[in-house]
Amino acid sequence: MRFSGSDKYVTTGDLTLAVNAAVTLQRPLLIKGEPGTGKTMLAEEVAAALGRPLFQWHIKSTTKAQQGLYEYDAVSRLRDSQLGEAKVADIGSYILKGVLWQAFECATPSVVLIDEIDKADIEFPNDLLRELDRMEFFVYETRQNVRARHRPAVFITSNNEKELPDAFLRRCFFHYIKFPDRETMKRIVDVHFPGLKPALLREALEVFFELREIPGLKKKPSTSELLDWLKLLLAEDIPPEALHSKDNKSAIPPLHGALLKNEQDVHLFERLIFMARQNR
Amino acid sequence: MLIDFFLHLKENRLPVSIKEFLALLEALQQHVIEHSLDDFYVLSRAILVKDETHFDKFDRAFGEYFKGVEALPGMEALIPEEWLRQAVKKHLSDAECAKLEKLGWEKLMETFKKRLAEQKERHSGGSKWIGTGGTSPFGHGGTHPEGIRVGGKSENRSAVKVWEKREYRNLDDSVEIGTRNIKIALRRLRRFARQGAPEELDLEGTIAGTARNAGWLDLRLRPERHNAVKVLLFLDIGGSMDDHIRVCEELFSACHSEFKHLEYYYFHNCVYEYLWKDNRRRHSERIDTHDVLHRYGNDYKLIFVGDAAMSPYEILQPWGSVEYNNAEPGATWLRRLTDTWPHAIWLNPESEHAWQYRQSTSLIHNLMGGRMFPLTLDGLERGMRLLSK
């Protein structure tokens, strides 16, 4: 079973190769790339394409590695004990299964997404070394060893906010999703807006890539922003000519708020346009 | 054969490990890829390289190994990019293509180097020089069947290998520094401690206490955990520092939100007996450096930010300051400060190569005991690592 993109997700050759290598060798795949290039989407699409269930674990700054395995709900047990409930005797009824445990238990091979691993504490990846390597862990409360019935395909995304430890990296495969070129971008837009007029698409892509070229932008617009912008353009029914009219008044592309998310960027952009007009 | 490849990567100082190498062999054994060098490139990169900043290094090493030639001498520096920008494009028929002589790789490289040495101007069209759109084997966009592509994008495919595109050049050693990146670097300095009023539920303690109480609830509270590191920031302002104002602003704003205990003072060029907190009123609201020395305990970490560009007299001589008459030389003051706060570093916005050429920079570098770091992400990280020891 090989992954080769889907009707909603366009991949490049190197990405499919990395995914297939990771799935075949049952190693975790670490995905990095600019925000909005479809890192999180990838796991969903792979799960859909391979017909496997997907388990998602979204990481926050307060997430602990232990929470992905299991949690011991001591407070409920304490309360129950004061109330004299019968189930207090069984510690197992206070163990809550985490995402990894659920995936390990799954009867079919599954896909696990560990999203934005760099948001967690610096030690977080180190606490998962054995779990990701051997795909097993030990539950101290019940003296039970949980081992994966089928090694799940693990996808990990990162935005580079923290460096990941070497020991962790050595256990993963790695792929950097680079920003799509014009051709790939066209394919991506085709997938999302099948009926888009070619003229509008051409003009929009031109504006978009020009915008990305502007030096000094704090946040360059990315694929997801382009798609949002196109959605708006379609909703407002803006004609292609309006995007690239050389006439002075409308030099700023309509609805640019969808592309530029930072006030300083908008200012910079307006200043550049102002300067360009003066040079004329 | 692949062992040599592995050792070659090691030689090029890529952080590859045996475990990863074995994974690569396993992948080959399981036929993840067909017999294609391009696929092998992608596969080996995914398995061996774990950081996009190493991609460029890997591309070069991979290219070298699979061509079996020495690295091109100074490829980046020798050929300005605009030479290669697509200017003219000739279209030859297949027959004409065949007519072009096919040079062997070795000979091609040799001639390439020779041409590089001879050529001094931009070239476009024609059939000998390195440039765009011609039929010479060198340059890009041309139609020689076995050419070496230098920059530019592939069009006829025959001279092109992905790893030669050097697409990841920009990601190598990123010098870009933004507030957010600075914050991440500053986090290395975090030191968590529990201080203040106990108002957070200590779950572990409560459970342990309750168990010891034979089941009667024993609530335990503890103070909240927060970052207890204390930082003193001394910023050089004015004069030659005006060139670096943006990066200093970013550093300052990042520090401000990251540290709860942050105190900052301004100085000009070198520290003397006065500092100030508001640059607009620097002459009316001066603060005696002695007061500052006595105000903060030695658990504060001291960070200087300045380009250390001044006349050596300003450091070494009494009365040497450009602004006013100082009774004691800057070096004395600097020593006094670093004695009071032994955890001290100097961040310099100038690039690290330039330091040795400026006398005052070397002087301060020595006075700081070598603890001077460039104000880049990498420098900041090294500095923070030292401070947190």
Worksheet item: Among the residues of segment A:187-244 satisfying the criterion of being among the acidic types (Asp, Glu) and more than 14 Å from A:ALA258 (Cβ to Cβ), which is surrounded by the most Cβ atoms within 10 Å (Cβ to Cβ)?
Response: A:GLU203
Worksheet item: Looking at (1) surrounded by fewer than 16 Cβ atoms within 10 Å (Cβ to Cβ); (2) outside any helix (DSSP H, G or I), can you tell me which one A:LEU113 breaks?
Response: (1)
Discussion item. Can you go through A:PHE193, A:PHE209 and tell me which one is in contact (Cβ under 8 Å) with a residue 40 or more places away in the chain and out of contact with any Asp or Glu (no Cβ under 6 Å at 6 or more places or on another chain)?
Written reply: A:PHE193
Item to complete: Give segment B:10-48 a look and list any residue that's more than 10 Å from every other protein chain (Cβ to nearest Cβ), modelled with pLDDT under 85 and assigned to a helix (DSSP H, G or I), or say none.
Response: B:LEU37
Discussion item. Regarding segment B:260-268, can at least one residue be identified that is surrounded by 13 or more Cβ atoms within 10 Å (Cβ to Cβ) and in a loop (DSSP other than H, G, I, E, B)?
Written reply: no
Worksheet item: Could you say whether any residue in segment B:305-328 is in the same structural domain as B:HIS268 (by the TED database), assigned to a strand (DSSP E or B) and farther than 15 Å from B:TYR274 by Cα?
Response: yes
Worksheet, complete the sentence: Within segment A:217-243, restricting to residues that are in contact with a Leu (Cβ under 6 Å, 6 or more places away or on another chain) and within 25 Å of A:LYS39 (Cβ to Cβ), the one that is farthest from the other protein chains (Cβ to nearest Cβ) is A:LEU232
Response to the item:
Taking segment B:244-276 and keeping residues free of Cβ contacts under 8 Å to residues at least 12 places away in the same chain and either within 30 Å of B:PRO318 (Cα to Cα) or basic (Lys, Arg) (or both) leaves B:ILE245, B:ARG246, B:TRP276
Worksheet, complete the sentence: The condition of being at pLDDT 85 or above and within 19 Å of the chain's Cα centre (by Cα) holds, among B:PRO329, B:PRO374, only for B:PRO374
Response to the item:
Within segment A:87-101, of all residues that are surrounded by fewer than 17 Cβ atoms within 10 Å (Cβ to Cβ) and in contact (Cβ under 8 Å) with a residue 24 or more places away in the chain, the one farthest from A:VAL146 (Cα to Cα) is A:ILE91
Worksheet item: So which residues in segment B:223-248 are modelled with pLDDT under 85 and surrounded by 17 or more Cβ atoms within 10 Å (Cβ to Cβ)?
Response: B:VAL229, B:ILE237, B:MET241, B:HIS244, B:VAL247, B:CYS248
Fill in: Every pair of residues 6+ apart whose Cβ atoms lie under 6 Å, when the first sits in segment A:4-24 and is at the interface with another protein chain (Cβ under 7 Å from one of its Cβ atoms) while the second is surrounded by fewer than 19 Cβ atoms within 10 Å (Cβ to Cβ) and not in a helix (DSSP H, G or I)
A:ASN20/A:ARG2; A:THR24/B:GLN30
Fill in: Any chance A:VAL191 is outside any loop (DSSP other than H, G, I, E, B) and within 22 Å of the chain's Cα centre (by Cα)
yes
Worksheet entry | segment B:338-389, residues that are among the small types (Gly, Ala, Ser) and assigned to a loop (DSSP other than H, G, I, E, B) | B:SER351, B:GLY369, B:GLY370, B:SER388
Response to the item:
Counting only residues that are touching a residue at least 24 places away in the same chain (Cβ under 8 Å) and of a type outside the set (Val, Ile, Thr), segment B:209-232 contains a total of 9
Worksheet item: Residues of segment B:179-216 being within 11 Å of chain A (Cβ to nearest Cβ), at pLDDT below 80 and surrounded by 13 or more Cβ atoms within 10 Å (Cβ to Cβ), which ones?
Response: B:THR179, B:ASN181, B:LYS183, B:ILE184, B:ALA185, B:ARG187, B:ARG188, B:ARG190
Worksheet, complete the sentence: Conditions (1) touching a Phe, Trp or Tyr at 6+ places or on another chain (Cβ under 9 Å); (2) of a type in the set (Val, Ile, Thr); (3) surrounded by fewer than 19 Cβ atoms within 10 Å (Cβ to Cβ) -> A:ILE122 fails only (1)
Worksheet entry | Among the candidates A:GLY68, A:GLY36, residue that is assigned to a loop (DSSP other than H, G, I, E, B), under 33 Å from the mean Cα position of the chain (by Cα) and in the same structural domain as A:ARG170 (by the TED database) | A:GLY36
Worksheet item: Quick check: is even one residue across segment A:56-72 more than 14 Å from every other protein chain (Cβ to nearest Cβ), in contact with a helix residue (DSSP H, G or I) (Cβ under 8 Å, 6 or more places away or on another chain) and closer than 30 Å to A:PRO194 by Cβ?
Response: yes
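Residues are listed down the side, and each one gets a yes or a no for (1) buried (at least 20 other Cβ atoms within 10 Å of the Cβ); (2) under 20 Å from B:VAL231 (Cα atoms); (3) touching a Leu at 6+ places or on another chain (Cβ under 6 Å):
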residue	(1), (2), (3)
B:HIS353	no, no, no
B:ARG371	no, yes, no
B:LEU375	yes, yes, yes
B:GLY379	yes, yes, no
Fill in: So B:ILE47, is it assigned by the TED database to the domain that holds B:PHE66 and either charged (D, E, K, R) or surrounded by fewer than 20 Cβ atoms within 10 Å (Cβ to Cβ) (or both)
no
Worksheet, complete the sentence: Checking B:LEU235, B:LEU217, B:LEU201 in turn, the sole residue that is out of contact with any helix residue (DSSP H, G or I) (no Cβ under 6 Å at 6 or more places or on another chain) and not assigned by the TED database to the domain that holds B:SER253 turns out to be B:LEU201
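The values are calculated or read from the model by the stated rules, or taken from the named source; none is laboratory data. On a predicted model such as this, the values are computed, not experimentally measured, just so you know. Cβ sites come from the backbone with ideal geometry, for glycine too, and all protein chains shown count toward neighbours.
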